[in-house]
Amino acid sequence: IKADISKVLKGEYFSSYYPELVILRKDGIKVYTIGYTKTITYMGGYGGVAFFVDITKEVRRKRLLDIIREVNRTIIQVVLEEELMEKVCRLLVEKGRLRFVWIGVPEGERIKPLYKYGYEQGYLENIEISTREDKPTGQGPTGRAFRERMIFVNPNTLENPAMTPWRDKMLQRGFLSSCAIPIVKNGEVAYVLNLYAEEPYFFEEETIKVLEELRYDLEFALKRLEDTRKQTILFKALERSYSWVLVADERGYITYVNDAVCEISGYSKDELIGNHMDVFKSGQHMEDFYKNLWQIITSGKEWYGMFINRKKSGELFYLEGVIIPVSLPGGALRFVQIGRDISRELELARELERSYYYDLLTGLLTRPTFLREGEKLIRLKGKEALFALVLIDFYNFTGINSAYGVEV
């Protein structure tokens, strides 16, 4: 501009355009303008005329929109909440040209600073912010944003009585306006994002609308990170679970197995993924069994029951569990089979049954079983039949056992 004025004074005829010209008002507030100047002749001499259009609101809004775009790019990349919060603080200062940004978390009856970026100069070490409504240090934007879950603005530090507890320290650092944004996670305010500008009235209605969008994006990011963390934990739990977990597509081809499936069946994951569930068929079930099962799960219902399956080695194993149909976005269908190997339990049950009905040493029926089977035979044959019961005993059999042992 000084160069243009010099040209005007020299009598040069020209025009100039300034796409973003910052003007400092008398009260210290920066105003962003579009400027246009043109040389004119006036009373036999040369002069100039200038037009300025205030675009301060548009400039601030554009900067914040640029920040939101950067935040959205950041959301896709980060995997930790700490990383997200640190990058957001930096973006708001560097891209949004804010003076200072910090994020606090509720701790008892106060808001504890956790992340910060910008021109702080020990500010957070010398202030207290309460969550209580009945304390002066809880009446500022941060305390109210935490309690009421709304964005609160301090338009002008010099004039706002709510800023009394912090006014001197804010003015020393050029924090002439501020804003607090509550960030909700799992139904509770988990963070409060605090923004400080070196201009009063920086946070106006248009700015608040953009900050609401920023708040929504951050809450969405926290939910995504939480869901990702839960999915990771669940995946690890499934991988290490002793239960059989298998996922198949709508045609019965295996898309996922956990370690237990491999341990029980003897197949590796590479051998199972992409293979059909028929790989476990043992030939012990009729085709109607599989036909009925398939009709149930393809209709969207769960199937409960037991499979007699075959391992890679050819050995049979018994799998008890459930098959759950799951509809995915777009209409795709997956079947999740969760079960447990009950082969050992069935074998123990058989051994228990044998020990109850048969003498383990001789393999003959036990006395209670013999009597029960005899009564059943009598009832079956009727009264007309003749029966003879002969009891053959060995004289001094107990003595023989004692002398020579039961094995002899």
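The values are calculated or read from the model by the stated rules, or taken from the named source; none is laboratory data. All values reported here derive from a predicted model rather than from experimental measurement. Methodologically, a virtual Cβ is constructed for each residue, glycine included, from the backbone with ideal geometry; neighbour enumeration extends over all protein chains shown. The area values use the complete protein model at the heavy-atom level, side chains included, leaving out ligands, DNA and RNA. Shrake-Rupley method; radii C 1.70, N 1.55, O 1.52, S 1.80 Å.
Yes or no: Ala145 surrounded by 18 or more Cβ atoms within 10 Å (Cβ to Cβ), of a type in the set (A, V, I, L, M) and more than 22 Å from Glu94 (Cα to Cα)? So Ala145 fits the description; yes.
Being in a helix (DSSP H, G or I) and either over 28 Å from Glu373 (Cβ atoms) or open to solvent by less than 90 Å² (accessible area, probe 1.4 Å) (or both) is the filter here, so list the residues in the range 387-408 that pass it. Even if it seems obvious, please write down each step before you answer.
The first filter runs over the range 387-408 and keeps only residues in a helix (DSSP H, G or I), leaving 397-404.
Answer for the range 387-408, where residues must be in a helix (DSSP H, G or I) and either over 28 Å from Glu373 (Cβ atoms) or open to solvent by less than 90 Å² (accessible area, probe 1.4 Å) (or both): Gly399, Ile400, Asn401, Ser402, Ala403, Tyr404.
The combined condition, being of a type outside the set (Gly, Ala, Ser) and either touching a residue at least 12 places away in the same chain (Cβ under 8 Å) or open to solvent by 80 Å² or more (accessible area, probe 1.4 Å) (or both), is not fulfilled by Leu328. When Ile151, Ile129 are screened for being closer than 24 Å to Ile68 by Cβ and touching a strand residue (DSSP E or B) at 6+ places or on another chain (Cβ under 7 Å), only Ile151 passes. Of Gly35, Gly48, all but one fail to be assigned to a strand (DSSP E or B) and modelled with pLDDT of 70 or more; the exception is Gly35. Taken over the range 93-130, the criterion of being out of contact with any Cys (no Cβ under 7 Å at 6 or more places or on another chain), open to solvent by 20 Å² or more (accessible area, probe 1.4 Å), free of Cβ contacts under 8 Å to residues at least 40 places away in the same chain and not acidic (Asp, Glu) is satisfied by Val93, Lys95, Arg97, Gly108, Arg110, Lys112, Pro113, Leu124.
Filtered by the rule that a residue be open to solvent by less than 100 Å² (accessible area, probe 1.4 Å), assigned to a loop (DSSP other than H, G, I, E, B) and within 30 Å of Leu316 (Cα to Cα), the range 347-386 gives Asp359, Thr362, Gly363.
Applying the condition of being hydrophobic (A, V, I, L, M, F, W, C) and surrounded by 11 or more Cβ atoms within 10 Å (Cβ to Cβ) to the range 331-346 and asking which residue is nearest to the chain's Cα centre (by Cα) yields Val336. Glu384 falls short on exactly one of the conditions (1) without any contact (Cβ under 8 Å) to a residue 24 or more places away in the chain; (2) under 30 Å from Trp244 (Cα atoms); (3) among the charged types (D, E, K, R), and that condition is (2). Considering (1) out of contact with any Leu (no Cβ under 9 Å at 6 or more places or on another chain); (2) surrounded by 15 or more Cβ atoms within 10 Å (Cβ to Cβ); (3) of a type in the set (A, V, I, L, M); (4) farther than 18 Å from Ala197 by Cα, the lone condition that Leu84 does not fulfil carries the number (1).
Inside the range 74-94, can you point out the residues that are farther than 14 Å from Phe220 by Cβ and part of a helix (DSSP H, G or I)?
Just the residues of the range 74-94 that are farther than 14 Å from Phe220 by Cβ, to begin with: 77, 79-80, 82-83, 85-87, 89-94.
Of everything in the range 74-94, those that are farther than 14 Å from Phe220 by Cβ and part of a helix (DSSP H, G or I) turn out to be Gln77, Glu82, Glu83, Met85, Glu86, Lys87, Cys89, Arg90, Leu91, Leu92, Val93, Glu94.
Kindly establish whether Ala260 is under 19 Å from Glu320 (Cβ atoms), in a helix (DSSP H, G or I) and either open to solvent by less than 50 Å² (accessible area, probe 1.4 Å) or in contact with a Ser or Thr (Cβ under 6 Å, 6 or more places away or on another chain) (or both). Step through it out loud before you land on a result.
Working: under 19 Å from Glu320 (Cβ atoms): yes; in a helix (DSSP H, G or I): yes; either open to solvent by less than 50 Å² (accessible area, probe 1.4 Å) or in contact with a Ser or Thr (Cβ under 6 Å, 6 or more places away or on another chain) (or both): yes.
It is true that Ala260 is under 19 Å from Glu320 (Cβ atoms), in a helix (DSSP H, G or I) and either open to solvent by less than 50 Å² (accessible area, probe 1.4 Å) or in contact with a Ser or Thr (Cβ under 6 Å, 6 or more places away or on another chain) (or both).
Count of the range 284-321 residues, restricted to those that are surrounded by fewer than 16 Cβ atoms within 10 Å (Cβ to Cβ) and touching an Asp or Glu at 6+ places or on another chain (Cβ under 6 Å), is 1.
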